[in-house]
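The values are calculated or read from the model by the stated rules, or taken from the named source; none is laboratory data. Not measured: the values here are computed from a predicted model. Here Cβ is always computed from backbone atoms with ideal geometry, including for glycine, and neighbour counts include all displayed protein chains. The protein model used for the area step is the full one, side chains on, heavy atoms only, and it has no ligands, DNA or RNA in it. Shrake-Rupley method; radii C 1.70, N 1.55, O 1.52, S 1.80 Å.
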Amino acid sequence: TPPVTTIEPAGVKVLSQSRPSLDFHSVDADNQLGVLEFCLSSASSPTGCTTFHEAAYDNTKTDDTLEVDLLRHLPEGITGETYKLVYHSKDKYMNQEQRKEEFVFVDNVAPQFRIRNRTTTTEDSTNFFVFLERLREPMSCSFTLSPVHPPGSSRTITADRNAEQKEARFDNLRGVIYDLNVTCTDEVGNENSETRTYTFDLEQSIDIVH
């Protein structure tokens, strides 16, 4: 008899930068397992699956689970599209189960944003306001400000996905040079991180908008 393969866990299947893989669990009542064969195609493709890829089970086992990185078999820049996954397993004697199909939601694009800031510096301190523009999807963001000169402790402010404005305010800064890291994560786990260095002139009163 051929193997029986399922994708675990059950439920909606999503592929993203943070979740590029699916787990295929196969059981054969009589023989050791051989290979998993699978194919991905856009659900809107008129031709469907044409190229199958192969992943090997442990051929000493009749019950095995494969974690397969499916995202590497897909093009970059997929911003929320449904793909059809066709798959089947074979045992070591090439007995093949009936092909199965599963729909998979694919989003492998990191969230996009533009960092803007307003800086007000007096003689001995700086007020630093950071905000994000050009957001195209829901995301949660963290703003981490780290003193470089002089060195000191970092401060982090977060904005969850429900926050209408992604922004952070750091007041009464006494240092001259700081690194700012902004990291945003979208709803399916794709992440984008950007770090910038800022220098504050504490010797004169200035008001700067970048």
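Beyond 31 Å, how much of the Cα-Cα pair distribution for the chain remains, as a whole percent? Of all Cα-Cα pairs in the chain, 44 percent lie more than 31 Å apart. Overall, the accessible surface of the stretch 1-78 at a probe of 1.4 angstrom is composed of carbon and sulfur to the extent of 49 percent.
For the chain, what is the number of Lys pairs with C-alpha distance below 19 angstrom, counting only pairs 8 or more positions apart or on separate chains? Count of close lysine pairs: 6. Length gained on full extension, residue 14 to residue 58, computed as 0.36 nm times the residue gap minus the Cα-Cα distance: 13.3 nm. Using R0 = 45 Å, the C-beta based FRET efficiency linking residue 193 and residue 1 works out to 0.35. The calculated FRET efficiency for residue 123 paired with residue 163, based on their beta-carbon distance and R0 = 41 Å, is about 0.80.
Solvent exposure of the stretch 100-183, expressed per residue, is 54 Å² of accessible area, with all protein chains present and a 1.4 angstrom probe. Annotation for residue 50 and residue 96: the two label points, set 7 Å from Cα along the Cα-Cβ direction, are 1.9 nm apart.
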